[in-house]
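To start, the structure itself, in structure tokens.
The values are calculated or read from the model by the stated rules, or taken from the named source; none is laboratory data. The structure presented is a predicted model; accordingly, all values stated were derived computationally and were not measured. Note that each Cβ is placed from the backbone with ideal geometry, even for glycine, and that neighbours are counted across all protein chains shown.
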Ligand SMILES: Cc1ncc(COP(=O)(O)O)c(C=O)c1O
């Protein structure tokens, strides 16, 4: 019987065991019955019960859960979101390959594309994801292997049009959907080939699991696995267990954080010290209509700009008492960070300005506290500027 995604999250990944909670398999190695059996396990595609760099039953449960939530044939977990991104690119690209990526993609992804990938002769064209048709226009037939989008983007929450991405023929289309979580949007439903998450964020949801995951067609993921088993960015079973527990409460967490984000967004929008507020479900967001079409929830993260620049940011942050100064997002605590000097710190001033990461920009990750307390904390800190 068809069911709502929040209901699917309660049982996603269950392996038929009567235990309501997943089993933790810390083992790195399994015993074979004889040498033929050992060969079969050593050469099998995504062999289970052989060696945990190849596969691990607890990680497999996490992968099954993500595949169910994303409506995918299969999923493949990694030791971090960056592990997933690096493995994906290096599995599918080689010297002479071309990638189309959005210009405001997550800082470490951009650095990976501009640094190691360029060094290996993998060229990237960066495009503005908000310009209709920009991704498709940059595709070089026969050379472009990957089209990489991130929606919503970190930290400005721009939206890539999933319908447009899904219609691109030729290269594999990939959407980093970390900010949305599998309950906020499902890029595969729009024809995108691979959805990617840093499960370290909302999926894990408790700041105690470092994990990445890809979901898509089995054949494609098997091909990526054949490379990633050598790359070695392997998901830990302990982190997979924590993420499975996180998935059980993803529905209530995402809904509450989304509602809190909207409450805070409206409180910020009316304040004279604030010059801009960014959240996909804010009516004034330039791609609000697209966001509403392709997302169930706008996400737990918002960003905003203070007229007073970096000095105002220092004053604001120093007067917060409930929100913590920390990177990352999607956990129980409300977190604040200053992207220009933390998450995007490696970029020069011109690039930062071009991307809209101004000195007055702050990113807020809404936690699970009562929204009234979060608003009170923010309103007090704003009054001190
Ligand atoms: C949108 C996005 N993608 C990927 C990553 C990388 O994930 P991880 O830190 O798990 O490697 C991050 C990390 O913040 C992110 O925000």
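List of remarks:
- Qualifying residue in the range 308-330 (condition: outside the structural domain of residue 197 (by TED's automatic domain parsing), touching a strand residue (DSSP E or B) at 6+ places or on another chain (Cβ under 7 Å), crowded, with 18+ Cβ neighbours inside 10 Å and closer than 30 Å to residue 188 by Cα): yes
- Qualifying positions in the range 234-257 - more than 15 Å from residue 202 (Cα to Cα) and surrounded by fewer than 17 Cβ atoms within 10 Å (Cβ to Cβ): 238
- Residue among 366, 302 that alone is within 18 Å of residue 105 (Cα to Cα) and in contact with a helix residue (DSSP H, G or I) (Cβ under 6 Å, 6 or more places away or on another chain): 302
- Here 283, 305, 369, 333 are screened, and the one residue that is surrounded by fewer than 19 Cβ atoms within 10 Å (Cβ to Cβ) and within 30 Å of residue 101 (Cα to Cα) is 283.
- If only residues of the range 82-97 that are under 16 Å from residue 178 (Cα atoms) and either more than 20 Å from the chain's Cα centre (by Cα) or crowded, with 24+ Cβ neighbours inside 10 Å (or both) are counted, the one that is farthest from the ligand (Cβ to nearest atom) is 88.
- Enumeration of residues in the range 229-238 that are in a helix (DSSP H, G or I) and touching a residue at least 40 places away in the same chain (Cβ under 8 Å): 229, 231, 237, 238
- Residue count for the range 10-57, restricted to those that are closer than 20 Å to residue 225 by Cβ and free of Cβ contacts under 8 Å to residues at least 40 places away in the same chain: 17.
- Which listed residue, of 226, 269, 198, 260, is in contact (Cβ under 8 Å) with a residue 40 or more places away in the chain, surrounded by fewer than 21 Cβ atoms within 10 Å (Cβ to Cβ) and either assigned by TED's automatic domain parsing to the domain that holds residue 52 or over 23 Å from residue 105 (Cα atoms) (or both): 226
- Only one of 365, 303, 328, 342 that is within 23 Å of residue 127 (Cα to Cα) and within 14 Å of the ligand (Cβ to nearest atom): 303
- Selection over the range 42-80 of residues that are out of contact with any helix residue (DSSP H, G or I) (no Cβ under 8 Å at 6 or more places or on another chain), surrounded by 19 or more Cβ atoms within 10 Å (Cβ to Cβ) and farther than 20 Å from residue 245 by Cβ gives a count of 1.
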